[in-house]
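Working notes, beginning with the structure itself.
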Amino acid sequence: MKTALITGITGQDGSYLAEFLLDKGYKVYGLRRRTATENDSNIKHIKHEIEFISGDLSDLSSLIEAVKIAQPDEVYNLAAQSFVADSWMQPIFTGQVTALGVTNMLEAVRQVKLDSRFYQASSSEMFGKVVETPQNETTPFYPRSPYGVAKVYGHWITVNYRESFDMYACSGILFNHESPRRGFEFVTRKITDGVAKIKLGLQNELRLGNLEAKRDWGFAGDYVKAMWLMLQQEVPDDYVIATGETHTVKDFIEIAFQYVGLDWRNHVVQDPKFIRPAEVDLLLGDSSKAKDKLGWQPTVSFEQLVQMMVEHDLQRLGNGL
Ligand code: NAP
Ligand code: G4F
């Protein structure tokens, strides 16, 4: 039986990855920070199968202890302050967790169990003000937010530990991926939750920022499989994971409203409060390396993703949850 340690287990990706690894027969340990109230909605259904370890990415001693307890074959470092918009409000905290937290996790592995395979959750946000389209593993980074800058640090420190200490360490440069478990502040979930509330008569308007931004949106369930595949190869490497399609926020809105038979123009209001100090205008990934070397490709289309999320929110709110 293989053993995995997942940081960020309560998040969207952590929950899908935990499910995926449990299905494969892994013993799963989840690093979890203390919270005053329960935040286990994504993992409620599997929490009896997971061994939780208390820890925080900014606290090296807790990470060393976690690696000592879990003795993992594989470490998936998914924890981060992951909300781009908040990274301007909390730039130092974002750096401490999303950047230096990666070094803490790598250090814990290096000191306690050097032969653990390590996955770092890198991001297409590193491409920022893109210098070429589509973006692939050789596209230079030009981050546009404190979050993006922190992820660039996390990416390079992972490469550096691989090259310095011969660690099996990989970065997955994942483009936006969504699901019914997405946090409510991200634009896709904000839209599907808003559409469901409008359809059910619980609210009338949806206030959003830049509707012209383009993203390469895929389904989170597909993307966690790519993380696992990266750690099963002979040689550690970095991979772009994307669908190869890009859509505007407006496209997402249109499909979501169409699904419930409403015209978005009657409900969407643009609010300057949600415009960012610097924007990433366009992301479009080229994941041909992952297709060739990992045999990975997405299975859920853009339309299916939008509909899956709206349907989930309609059911959830319809059941009063
Ligand atoms: P998410 O839903 O926001 O989950 C983040 C997780 O990190 C949560 O479990 C959170 O715990 C935990 N966390 C935050 N700060 C922590 C700290 N100081 N110590 C320990 N745990 C901490 O994010 P996600 O969408 O699943 O994304 C997973 C990872 O992939 C993140 O690193 C993200 O930056 C990266 N990524 C995501 C995407 C995407 O489109 N989803 C794309 C590229 C890269 P709490 O529940 O306690 O807050
Ligand atoms: O959903 P978002 O907040 O995601 P963003 O900024 O692309 O970041 C996500 O994807 C990254 C990968 O590229 C991850 F690394 C990161 O952790 C996160 O998961 O915003 C998407 C777009 C932006 O252009 C934003 O300006 O939607 C635009 N937008 C328009 N109105 C809005 C809103 N975003 C949010 N969150 N809220 C709005 O009202």
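The values are calculated or read from the model by the stated rules, or taken from the named source; none is laboratory data. Predicted model, so just to flag it, every value in this text is computed and none were measured. Glycine gets a Cβ as well: all are built from the backbone with ideal geometry, and neighbour counts include every protein chain shown. Keep in mind that these areas ignore ligands, DNA and RNA; they rest on the heavy atoms of the full protein, side chains included. Shrake-Rupley method; radii C 1.70, N 1.55, O 1.52, S 1.80 Å.
Long-range amide H contacts for Ser123: which residues qualify at under 5 Å (H placed 1.01 Å from N, peptide plane, sequence gap of 5 or more or a different chain)? The answer is Leu174.
Between Lys44 and Glu303, the simple spin-label model (points 7 angstrom out along Cα→Cβ) gives 3.3 nm.
Along segment 147-162 the Karplus relation, 6.51 cos²θ - 1.76 cosθ + 1.60 evaluated at θ = phi - 60°, assigns HN-Hα couplings of 4, x, 4, 5, 5, 4, 4, x, 5, 6, 5, 5, 4, 5, 5, 4 Hz to successive residues, with x for each Gly and Pro. Would you be so kind as to identify which of Gln81, Ala121, Gly320 lies farthest towards the positive end of the dipole of the chain, taking Lys and Arg as +1 and Asp and Glu as -1 on Cβ and the Cα centre as origin? With unit charges placed on the Cβ atoms, the residue in question is Gly320. Once the C-beta distance of Glu279 and Thr138 is scaled by a Förster radius of 35 Å, the resulting FRET efficiency is 0.90 to the nearest 0.05. Shown are Ser62, Ser179, whose ranking by accessible area with a 1.4 Å probe and every protein chain present, most to least, is Ser62, Ser179.
Our coupling estimate for segment 274-285, obtained by passing each phi through the Karplus curve with A = 6.51, B = -1.76, C = 1.60 and θ = phi - 60°, is 9, 7, 8, x, 9, 10, 9, 6, 8, 10, 8, x Hz, Gly and Pro reported as x.
For the chain, modelled as a GNM whose springs connect Cα atoms under 10 angstrom apart, the maximal fluctuation among Glu65, Glu19, Glu163 occurs at Glu163. Proximity of backbone amide H atoms, modeled 1.01 Å from N, is registered between Glu178 and Gly218, Phe219, Ala220 at under 5 Å, excluding neighbours fewer than 5 places apart on the same chain. For the chain, the dipole from Cβ point charges (+1 on Lys and Arg, -1 on Asp and Glu) about the Cα centre works out to 540 debye, to the nearest 20.
Compactness of segment 20-162 is given as radius of gyration and Dmax, 16.0, 46 Å, from Cα positions. Say the dipole of the chain comes from +1 at the beta carbon of Lys and Arg and -1 at that of Asp and Glu; which of Leu21, Gln232, Trp156 then lies farthest toward its positive end? Highest projection toward the positive end goes to Leu21.
Remark: segment 253-268, residue by residue, has Karplus-estimated 3J(HN,Hα) of 4, 4, 5, 5, 5, 4, 4, 9, x, 10, 9, 4, 4, 7, 10, 8 Hz, where x stands for each Gly or Pro and the curve is 6.51 cos²θ - 1.76 cosθ + 1.60 at θ = phi - 60°. In the context of the full protein assembly, Ile43 retains an accessible surface of approximately 0 Å², using a probe radius of 1.4 Å and ignoring ligands and nucleic acids. Using the alpha-carbon atoms, what tilt in degrees (0 to 90, nearest 10) does helix 60-70 show relative to the longest principal axis of the chain? Value to nearest ten degrees: 80. The value obtained for the chain, namely the Cα convex hull volume divided by the number of residues, is 130 Å³ per residue.
Which one, Ser54, Ala213, Leu31, projects farthest toward the positive side of the charge dipole computed for the chain from Cβ point charges (K/R +1, D/E -1)? Towards the positive end, the residue furthest out is Ser54.
Among the listed pairs Lys129/Lys225; Lys44/Lys289; Lys2/Lys293; Lys44/Lys273; Lys27/Lys190, a Cα-Cα separation exceeding 32 Å is found for Lys44/Lys289; Lys44/Lys273; Lys27/Lys190. For the set Val195, Val269, the ranking by accessible area, highest first and with no ligand, DNA or RNA atoms included, is Val269, Val195 under a 1.4 Å probe. Charge dipole of segment 110-154 (Cα centre as origin; +1 on each Lys and Arg Cβ, -1 on each Asp and Glu Cβ, all else neutral): 200 debye, rounded to the nearest 20. With R₀ fixed at 41 Å, the C-beta to C-beta distance from Phe184 to Ser288 puts the FRET efficiency at about 0.75. Placing +1 on the Cβ of every Lys and Arg and -1 on the Cβ of every Asp and Glu, with nothing else charged, gives segment 1-153 a dipole about its Cα centre of roughly 140 debye. For the chain, modelled as a GNM whose springs connect Cα atoms under 10 angstrom apart, the maximal fluctuation among Thr248, Thr138, Thr192 occurs at Thr138. Here the sum of -39500 (n - 2.57) over DSSP H runs of 4 or more residues, divided by the residues of the chain, equals -11500 deg cm²/dmol at 222 nm, to the nearest 500. Mind checking the angle between helix 187-199 and the chain's longest principal axis? C-alpha axes, 0 to 90 degrees, to the nearest 10. That helix lies at roughly 40 degrees to the long axis.
Under the simplified labelling scheme, the Asp166-Glu212 pair shows an inter-label distance of 5.3 nm, with each label point 7 Å from Cα along Cα→Cβ. Put the Cα centre of segment 176-211 next to the Cα centre of segment 248-321 and the gap is 9 Å.
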